Amino acid sequence: MHLPPGIPEDFDEHMRLHYDLLALAFKADITRVATILGARDLTSRVYRFPKGSLFPDGGTSVSFHGGSHHQEDPNNMRRYALLNRYHVSTLGYLAEKLQSIPEGDGTLLDHSLVLYGSNMGNSNQHQHFDVPHILVGGAGGELQGNRHLHYDTKTVTTGNLLLRLLDVYGVHEDTQGDSTGRLEDL
């Protein structure tokens, strides 16, 4: 059997490998907690998108960090949004992988919770409020899916979300980072 040496050059292949290993670790019950960093904030990597993907131009010449400082220019913001759209699309691979693995009375996705997010709401200004997050999975029936929750600007911190997620797993803390309370309606 031929084993490829080192880290895959293709980012999409690299992410799929990470997600395959994560799904395998969950399936084998080796761990139930993991962290995957898709891209360093300061990376200068440019991306070649997979053939046949939602991104017909085949890639972008903007790096994650360079693109994040779009200076409110609509063209730069569009290119950065495309790059972020690609990163979020890789999450779909993991969700499909977890959905395909039977576990108990459902699937591994039904019994898991994936938190996908960023560390900034407006990276051009290094603002840490209005940070977007995506929750995927049912957390064993603890979360209702197929919803988009919107909160008024500058009213909810990431710490509030994290406090609520800790509650889902029976870990009750009074504060988490910059929390001002628990996220409601999750």
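Along the stretch 65-75 the Karplus relation, 6.51 cos²θ - 1.76 cosθ + 1.60 evaluated at θ = phi - 60°, assigns HN-Hα couplings of 5, x, x, 5, 9, 7, 6, 6, 6, x, 5 Hz to successive residues, with x for each Gly and Pro. Across the stretch 21-31, computed HN-Hα scalar couplings (Karplus, 6.51 cos²θ - 1.76 cosθ + 1.60, θ = phi - 60°) run 5, 5, 4, 5, 5, 5, 4, 7, 6, 6, 8 Hz from first to last residue, x flagging Gly and Pro.
For the chain, the relative contact order comes to 13 percent (Cα pairs under 8 Å, sequence separation of at least 6). Taking amide H atoms as placed 1.01 Å from N in the peptide plane, the amide H of ASN122 lies under 5 Å from those of GLN127, PHE129, each 5 or more residues away in sequence or on another chain. Given the alternatives (i) 48, 41, 35; (ii) 51, 44, 27; (iii) 83, 38, 27, Cα extents along the principal axes in Å as computed for this entry is given by (ii). Derived scalar couplings between HN and Hα for the stretch 34-41 equal 8, 10, 10, 9, x, 7, 5, 4 Hz in order, rounded to whole Hz, by the Karplus curve 6.51 cos²θ - 1.76 cosθ + 1.60 (θ = phi - 60°), x for Gly and Pro.
Treating the beta-carbon of each Lys and Arg as +1 and of each Asp and Glu as -1, no other charges, what is the dipole magnitude of the stretch 113-186 about its Cα centre, to the nearest 20 debye?
Dipole magnitude for the stretch 113-186 comes out near 200 debye.
Around the Cα centre of the chain, unit charges on the Cβ atoms of Lys, Arg, Asp and Glu (plus for the first two, minus for the last two) sum to a dipole of about 540 debye. Dipole orientation for the stretch 113-186: of the candidates SER123, GLN144, LEU162, SER123 has the Cα lying most toward the positive pole (charges on Cβ; Lys, Arg +1; Asp, Glu -1).
Run lengths n ≥ 4 of DSSP H only: what is the helix-derived mean residue ellipticity at 222 nm for the chain, with -39500 (n - 2.57) per run over all residues, to the nearest 500?
After summing the helix terms and dividing by the residues of the chain, the value is -10500 deg cm²/dmol.
Of the residues TYR47, HIS69, PHE26, the one whose Cα sits farthest towards the positive end of the charge dipole of the chain is TYR47 (charges of +1 on Lys and Arg Cβ, -1 on Asp and Glu Cβ, taken about the Cα centre).
Under 5 Å from the amide H of GLU103 lie the amide H atoms of LEU108, each residue being 5 or more positions distant or on a separate chain, with H modelled from the backbone and absent for Pro and chain starts.
Quick note: the coordinates plus some simple rules give every number you see, no bench work behind them. Since the structure is predicted, the reported quantities are computational estimates derived from the model, not experimental observations. Using ideal geometry, Cβ is built from the backbone for each residue, glycine included, and neighbour counts are taken over all protein chains shown.
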